[in-house]
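Colleague: Quick one: this structure, given as structure tokens, is what I'll be asking you about.
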Amino acid sequence: MKKLAIIGTGYVGLVTGVCLAHVGYHVTCIDIDLGRIKKLSNGQCPIYEPELEKLMKLNMEKGNLEFTSTLTSGIQEAEAIFIAVGTPQRTDGSAELKFIQKAVFDIGMTIRHDLTVIVKSTVPVGTCDMVKRTFETLQPSRQIHVVSNPEFLREGSAINDMFYGDRIVIGADHREASIMAEAIYAPFSVPIFCTDVRTAELIKYSSNAFLATKISFINEISTICDKLGANIEDVAMGMGMDKRIGEQFLKAGIGYGGSCFPKDTQALVQMADQLNEDFHLLKSVIQVNQKQRGVLVEKAVERFGSLKGKRVAVLGLSFKPDTDDLRESPALTIIDKLLAEEADVVAFDPAAQYHTINTLKIPRAETIETALKEADLAMIVTEWKEFVNLPLSTFKRWMKSPVIFDGRNCYPITNARNEGIEYHSIGRASTFSTPMNNKDFAIKE
Ligand code: UGA
């Protein structure tokens, strides 16, 4: 059985490690965080990801998967080492590489055999070349190939993406290294695209930047829909039917969040800046996203005049459903804005990490009902199925007045209208007033 090692048991490292073990490799996952390794060794998954814990335990029982905090033992005999450590955002927007550098240094000081190092962390273009130079200095007599292998996993569907993704990108400057990486991924039957190292690094940033661009684009269109009385869902569907455009990532909402799009778009702008290139388009995408996070509160202020003392039930905190991740979640901006308006805020989320909520100093509701009880208005921030499947009559039953501001367009307008609920959503007519017939925009004859 081929032996693989993975450094970093964060989102990417853990999912990759578990899936590689599942297809039959012997995988050792390494992390300097002792607490995390202890948890993992006890079969407890530290992140919320559908199917991950089940698959993890199964492969631990099979003897394919183990966890250690000791790099020296973890990488022994490994034919390939994956680096999947974090590259957090620096204050200037660029990617922090100190964890990569440490991992590379530790490997370089420890390794006693030739091998391939596969960089999965999202890293600025040129990083793999830097990694290669470090190995050449630390281990001049060894053959250590460096491969760029960016990941395209989405939180909440990462296991599925690993097995059925659209593509695996392998960037290598050495045929032997490319063949090695291709062979590792052969059991996944996902198309493999091979290129050089720098191109692979750039594919990752370009992919995330393009998806973010689609989202900001549709969000701007949704504002125009609001003003014209057009329907954003139909606009997106009508556009998406054109295969050149595609239907995905055209869901208008309250802006993208998470640990990837916000960070990677900033990093790409920063990369361009360093090349004396002004990435106008991407800068606008980021600006639009910031603005979009304020849309729900703006709509509420416009409706009520003031939110002072109003009880607001925030439904959903994670940046998207099926994850407990609050990083860069639009919910955080929305809550800050509500508190600045002196609203009385309570939040409910089926999975989000509540310790972060406590730092926001807002009460946490244990159930949807306690959040909605006596609320003057509700804001839907994450499209958890718990909210999408909630009968609209529930809002009427529990709230002081059933006024909903839905940042994710969870319900058909007609259902809200039939239920007699005041319902404001994104880029769609509200049930509060008739669809706007903007006279200023009347076609001039
Ligand atoms: C994203 C990419 O989709 C993955 O391919 C990539 O591997 C990953 O970043 C990464 O770089 O690690 P993720 O951040 O997990 O994955 O989440 P997405 O499903 O892409 O959603 C990102 C944000 O965009 C969410 O806040 C979501 O609500 C928002 N979104 C997405 C929209 O507002 N509209 C859409 O149509 C789609």
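Colleague: Rank Phe249, Phe193 by accessible area, highest first, at a 1.4 Å probe radius? Don't skip to the end; give the middle numbers.
Modeller: On the way: Phe249 65, Phe193 105 Å².
Most to least solvent-accessible, the answer reads Phe193, Phe249.
Colleague: When only C-alpha pairs under 8 Å and at least 6 residues apart count, what is the relative contact order of segment 293-424, in percent?
Modeller: Details: 252 pairs, mean separation 33.8, N = 132.
It rounds to 26 percent for segment 293-424.
Colleague: Could you pull the accessible area for Phe348 with a 1.4 Å probe, rounded to 10 Å²?
Modeller: 20 Å²
Colleague: Might you work out the accessible area of Ser41 for me, using a 1.4 Å probe with all protein chains in place, and round it to the nearest 10 Å²?
Modeller: Per-residue accessible area (Ser41): approximately 60 Å².
Colleague: Mind ranking Glu53, Glu151 by accessible surface for me, highest first, 1.4 Å probe?
Modeller: On the way: Glu53 70, Glu151 15 Å².
Largest accessible area first, the list is Glu53, Glu151.
Colleague: Quick one: among Arg175, Arg327, Arg154, which has the greatest mean-square fluctuation in a GNM of the chain with alpha-carbon springs under 10 angstrom?
Modeller: Its mean-square fluctuation being the largest, the pick is Arg175.
Colleague: Still on this model: Local charge sum around Ile30 (other residues, Cβ-Cβ under 14 Å, Lys/Arg +1, Asp/Glu -1)?
Modeller: Values: positive: Lys3, Arg36, Lys38, Lys102, Lys120; negative: Asp31, Asp33, Glu66, Glu77, Asp106.
Net of charged neighbours comes to 0.
Colleague: Follow-up. Order the peptides 196-205, 179-188 from the highest to the lowest mean number of other Cβ atoms within 10 Å of their residues.
Modeller: 196-205, 179-188
Colleague: Find the centroid of the Cα atoms in segment 378-423 and in segment 169-212, then give the distance between the two in whole Å.
Modeller: Using only Cα atoms to place each centre, the spacing works out to 43 Å.
Colleague: Report in % the part of the accessible area of the chain that belongs to carbon and sulfur, leaving out ligands and nucleic acids; probe 1.4 Å.
Modeller: Numbers: 10950 of 20590 Å².
Roughly 53 percent, rounded to a whole number.
Colleague: Give me, ordered by chain and number, the residues 5 or more places off Ile404 or on other chains with an amide H under 5 Å from its own placed amide H.
Modeller: When sequence neighbours closer than 5 places are left aside, the close amide H contacts are Ala378, Glu422, Tyr423, His424.
Colleague: Calculate for the chain the 222 nm mean residue ellipticity that helices alone would give, adding -39,500 (n - 2.57) per DSSP H run of length 4 or more and normalising by residue count, nearest 500 deg cm²/dmol.
Modeller: Details: 19 runs with 196 residues, N = 445.
Calculated from helices alone, the mean residue ellipticity at 222 nm is -13000 deg cm²/dmol.
Colleague: Taking only the C-alpha atoms, wrap a convex hull around segment 70-141 and report its volume per residue in Å³ as a whole number. Present the calculation step by step, with values, prior to reporting the outcome.
Modeller: Values: hull volume 6.1 nm³, N = 72.
In segment 70-141, the Cα hull volume divided by residue count equals 85 Å³.
Colleague: Taking only protein heavy atoms and a 1.4 Å probe, what accessible area per residue, in Å², does the chain have with all protein chains in place?
Modeller: On the way: 20590 Å² over 445 residues.
Roughly 46 Å² per residue, with all protein chains present.
Colleague: Tell me, what is the percent relative contact order of the chain, built from C-alpha pairs under 8 Å that lie six or more residues apart? Each step should come with its number before you reach the end.
Modeller: Numbers: 875 pairs, mean separation 50.8, N = 445.
With pairs under 8 Å counted, the relative contact order is 11 percent.
Colleague: Would you please classify the overall shape of the chain from the alpha carbon gyration tensor, given that a ≥ b ≥ c denote the square roots of the eigenvalues, rounded means a/c under 1.5, and beyond that prolate means a/b larger than b/c while oblate covers the rest? Don't jump to the answer; show the numbers that get you there.
Modeller: Numbers: a/c = 2.32, a/b = 1.77, b/c = 1.31.
Judged from the Cα gyration tensor, the chain comes out prolate (a/c at least 1.5, a/b above b/c).
Colleague: Tell me the angle of helix 261-274 to the major Cα principal axis of the chain, expressed in degrees between 0 and 90 and rounded to the nearest ten.
Modeller: Rounded to the nearest ten degrees, it is 70.
Colleague: Highest GNM mean-square fluctuation, the chain, Cα pairs closer than 10 Å: which of Phe261, Phe387, Phe432?
Modeller: Phe432
Colleague: Pairing the Cα long axis of helix 280-292 with the longest principal axis of the chain, what angle in degrees results, from 0 to 90 and rounded to the nearest 10?
Modeller: 50 degrees
Colleague: Let me have the relative contact order for segment 204-291, percent, based on Cα pairs under 8 Å that are six or more residues apart. Present the calculation step by step, with values, prior to reporting the outcome.
Modeller: Details: 82 pairs, mean separation 33.4, N = 88.
After rounding, I find 38 percent.
Colleague: With +1 on each Lys and Arg Cβ and -1 on each Asp and Glu Cβ, how big is the dipole of segment 293-424 about its Cα centre, in debye rounded to the nearest 20? It would help to have the intermediate numbers written out before the result.
Modeller: Details: 18 positive and 20 negative charges, 54 e Å.
Computed charge dipole of segment 293-424: roughly 260 debye.
Colleague: Kindly provide the GluC sites (Glu not before Pro) of segment 303-396 that DSSP labels as loop, not H, G, I, E or B, and whose Cβ sees at most 14 other Cβ atoms within 10 Å. Intermediate values should be presented prior to the final figure.
Modeller: Numbers: sites: Glu328, Glu341, Glu342, Glu366, Glu369, Glu374, Glu383, Glu386; in loops: Glu328, Glu341, Glu342, Glu366, Glu374, Glu383.
Sites meeting the loop and neighbour criteria: Glu342, Glu366, Glu374.
Colleague: Grab the beta carbon distance between Thr110 and Val23, set R0 = 22 Å, and tell me the FRET efficiency rounded to 0.05.
Modeller: Working: r = 27 Å, r/R0 = 1.21.
The pair Thr110/Val23 has a calculated efficiency of 0.25.
Colleague: Right, next: Provide the net charge surrounding Ala340, with neighbours chosen by a C-beta distance below 15 Å and charges set as Lys +1, Arg +1, Asp -1, Glu -1. Don't skip to the end; give the middle numbers.
Modeller: Details: positive: Arg293, Lys308, Lys310, Lys337, Lys361; negative: Glu298, Asp336, Glu341, Glu342, Asp344.
Residues close to Ala340 contribute a combined charge of 0.
Colleague: Classify segment 315-408 as rounded, prolate or oblate from the Cα gyration tensor: take a ≥ b ≥ c as the square roots of its eigenvalues, call it rounded if a/c is under 1.5, otherwise prolate when a/b beats b/c and oblate if not.
Modeller: On the way: a/c = 1.66, a/b = 1.22, b/c = 1.36.
In terms of gyration-tensor shape, oblate.
Colleague: If you don't mind, another one. From the square roots a ≥ b ≥ c of the eigenvalues of the alpha-carbon gyration tensor of segment 3-195, which class results: rounded (a/c under 1.5), prolate (a/b over b/c), or oblate?
Modeller: rounded
Colleague: When the chain is treated as a GNM, springs tying every alpha-carbon pair under 10 Å, which of Gly305, Gly171, Gly427 comes out with the largest mean-square fluctuation?
Modeller: Gly305
The values are calculated or read from the model by the stated rules, or taken from the named source; none is laboratory data. These numbers were taken from a predicted model, which means no experiment stands behind them. Don't worry about glycine lacking a Cβ; one is built from the backbone with ideal geometry, like all the others, and counts go over all protein chains shown. The protein model used for the area step is the full one, side chains on, heavy atoms only, and it has no ligands, DNA or RNA in it. Shrake-Rupley method; radii C 1.70, N 1.55, O 1.52, S 1.80 Å.
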